[in-house]
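The values are calculated or read from the model by the stated rules, or taken from the named source; none is laboratory data. Only a predicted model underlies this, so the values are computations on that prediction, with no experimental measurement involved. Here the Cβ is made from the backbone with ideal geometry for all residues, glycine too, and neighbour counts use every protein chain on show. These area figures cover heavy atoms from the full protein model, side chains too; ligands, DNA and RNA do not enter into them. Shrake-Rupley method; radii C 1.70, N 1.55, O 1.52, S 1.80 Å.
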Protein chains: 2
Amino acid sequence: MSDLKLIEERHSHGGVQRVYSHWSHACQCDMTFAIFLPPQAANGPCPTLTFLSGLTCSHTNVMEKGEYREAAAQHGIIIICPDTSPRGDDVPDEDFYYFGKGAGYYLNATQEPYRKHYNMERYITEELPNLVSEHFPVSDSKDSIFGHSMGGHGALTLALKHPDRYRSVSAFAPICNPMNSQWGKHAFSRYLGANTPSWRTSDAVALIEDGSRVAEILVDQGLADDFLQEQLMPEALAEACASAGIDLTLRQHEGYDHSYYFISSFMKDHIQWHAERLKR
Amino acid sequence: MSDLKLIEERHSHGGVQRVYSHWSHACQCDMTFAIFLPPQAANGPCPTLTFLSGLTCSHTNVMEKGEYREAAAQHGIIIICPDTSPRGDDVPDEDFYYFGKGAGYYLNATQEPYRKHYNMERYITEELPNLVSEHFPVSDSKDSIFGHSMGGHGALTLALKHPDRYRSVSAFAPICNPMNSQWGKHAFSRYLGANTPSWRTSDAVALIEDGSRVAEILVDQGLADDFLQEQLMPEALAEACASAGIDLTLRQHEGYDHSYYFISSFMKDHIQWHAERLKR
């Protein structure tokens, strides 16, 4: 059993919000994650739902501002909030908010100097769920997954690449087609190299075009989001889903921006959506 | 009409979360406050509920972590979140988290060098509600008030001193008897001078003992709160209310601490409690 170090514990909404750190084999550094145990977890196992955060975030942003605990307590779901990248002084980085630390893109880097630490796909799909199952009362070998912006990209790509790992997937303002966005080009060229075809397995739209499938996707998108046109591209996801026969529910909201004020407004809907699918 | 400067605007939970700054005559400095306009405010006037924050906070803490917007939107209540003290380079301060900037104690200072700026009682009970009524669709000349810790002290004392201003009062982990706490003694001696009898009009327990009345009070208190015994003293409030015939609902919660994880857990209950009384 791997060692978990308890960093923080708070009673909230009838359950317990905790933060742990642990040595990550995938990322070759200490990693931190938040986990909310709903009241039901004191009496028996519960399903899990993982929230992947966006650029510049750690586990703390959604833990403090995401307003997920009430709905998680209502539905009896464990919420797992990982960090967004490897961390530490020896982890290579660049001085951009959209690359490096805080911007791991939930992929396994193949290029130097990033491939030693930047293995967030392996961390999120294998190491972290195994660790959580070892230490907490998890009822289901499958997780559900959602996320925001870069974390929405992570949720979509990981669900498409690992359909046996996840029961359901949703996203808030996801980066749908990073291969064609400035953020994504910057990150993929460094993590994955200049070989554009290899980028397709880290891009939700390209994965769908190339045959990856999930049954259905829920996406909420604010129409006053500053990143909508140039970085997020939900219309490309909608086209790919339509062609592939994927049941995409894309809800667009006048006036809403890219912030946690937007995320928290629709958090309850997403948790209920996953709860219905986790309990089928 | 006084000038309001819009600092921030976010759509959230069907309404709009805004932050404004303005020149304060009471505090002789620029002051900042947050205001949430529920969806109902787009169609007509709504009642107001003011949240007073605790030591070290500004308007941002509860705005980001308080989880009040869903219930406010449900009940159609405008939520006002003021700052906790005057601000600015020429505002006198001390290097304690429990005094000076971020710690105005919602009183009018009588002592130099504090009396020019530290007039939070006048700001909260007169200037800010007048400003809000000028600029926003407020349905009721009376406000309701609640708060946390030092802001719970503020809510209790202001409601007791100004019973015609407030329809209802509640608090999360309030400082109930600051005259007898280290924090309160430090603050009152500087803001109000060494004359202990003058402290009684800024202390909820003493105000009740001396004849001030409200009909009822709701208080939530965590039993794992580090400040419970030495700073908060809810048992003194309970005794004073029992003697005075004030209907105090004091709910004590195993495991909960002094943080926003505690506040957010019971926020919905408080907003519903005020909603019932605002609409009577």
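Listing for the model above:
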quantity: Cα→Cβ-extended label distance, 7 Å offset, between B:E134 and A:D30, nm; calculated: 5.3 nm
quantity: For chain A, projected area of the alpha-carbon convex hull averaged over all directions, nm²; calculated: 13.3 nm²
quantity: Signed unit charges on C-beta, dipole axis of region A:1-143, positive-most listed residue A:N43, A:H135, A:G102; calculated: A:N43
quantity: Spin-label pair A:R200/A:T60, simplified geometry with 7 Å Cα→Cβ offset, distance in nm; calculated: 4.2 nm
quantity: Kyte-Doolittle at least -0.5, axis length at least 20 Å by Cα - qualifying DSSP helices, chain A; calculated: A:260-278
quantity: In the A-B interface, the accessible area buried, summed over both sides, Å² (probe 1.4 Å); calculated: 2100 Å²
quantity: For region A:70-211: relative contact order, % (alpha-carbon pairs under 8 angstrom, 6 or more apart); calculated: 20 percent
quantity: Calculated FRET efficiency for the pair A:N180/B:S21, C-beta based, R₀ 51 Å, to 0.05; calculated: 0.80
quantity: Antiparallel bridges, percent of DSSP beta bridges restricted to chain A (to nearest 5); calculated: 50 percent
quantity: More than 15 Å apart - percent of Cα-Cα pairs taken over region A:187-280; calculated: 68 percent
quantity: Whole-Å distance, taken between Cα centres, linking region B:109-125 and region A:54-68; calculated: 37 Å
quantity: Expected 222 nm ellipticity per residue - DSSP helices of 4 or more, -39500 (n - 2.57), all of chain A, to 500; calculated: -8500 deg cm²/dmol
quantity: Chain A - charge dipole about Cα centre, Lys and Arg +1 at Cβ, Asp and Glu -1, debye rounded to 20; calculated: 620 debye
quantity: A:L250/B:E230 FRET efficiency (R0 45 Å; Cβ-Cβ; nearest 0.05); calculated: 0.25
quantity: Overall dimensions of region A:1-138 as given by Cα atoms, namely Rg and Dmax in Å; calculated: 15.0, 47
quantity: Among B:Q182, B:Q231, B:Q74, residue whose mean-square fluctuation peaks in a GNM of chain B (springs only between Cα atoms under 10 Å); calculated: B:Q182
quantity: GNM flexibility winner over chain B from B:E134, B:E67, B:E94 (Cα, springs under 10 Å); calculated: B:E94
quantity: Rg(Cα)/(2.2 N^0.38 Å) for region A:87-150, N = residue count; calculated: 1.30
quantity: Centroid-to-centroid separation of region B:214-280 and region A:164-195 [C-alpha atoms, Å]; calculated: 47 Å
quantity: The protein assembly as shown shape via C-alpha gyration tensor axes, a/c threshold 1.5; calculated: prolate
quantity: For chain A, the longest site-free run once chymotrypsin sites (Phe, Trp or Tyr not before Pro) in DSSP loop states with at most 16 other Cβ atoms within 10 Å are removed; calculated: A:98-280
quantity: Antiparallel bridge percentage (DSSP; both residues within the protein assembly as shown; nearest 5); calculated: 50 percent
quantity: Heavy-atom accessible surface of the protein assembly as shown: percent carbon and sulfur, 1.4 Å; calculated: 45 percent
quantity: Accessible area per residue in Å² at 1.4 Å probe, computed on chain A; calculated: 37 Å²
quantity: Dipole of region B:1-132, positive direction: furthest Cα of B:N119, B:M31, B:I7, with charges on the beta-carbon; calculated: B:I7
quantity: Residue of B:A244, B:A155, B:A26 that the Gaussian network model of chain B assigns the largest fluctuation, springs spanning Cα pairs under 10 Å; calculated: B:A244
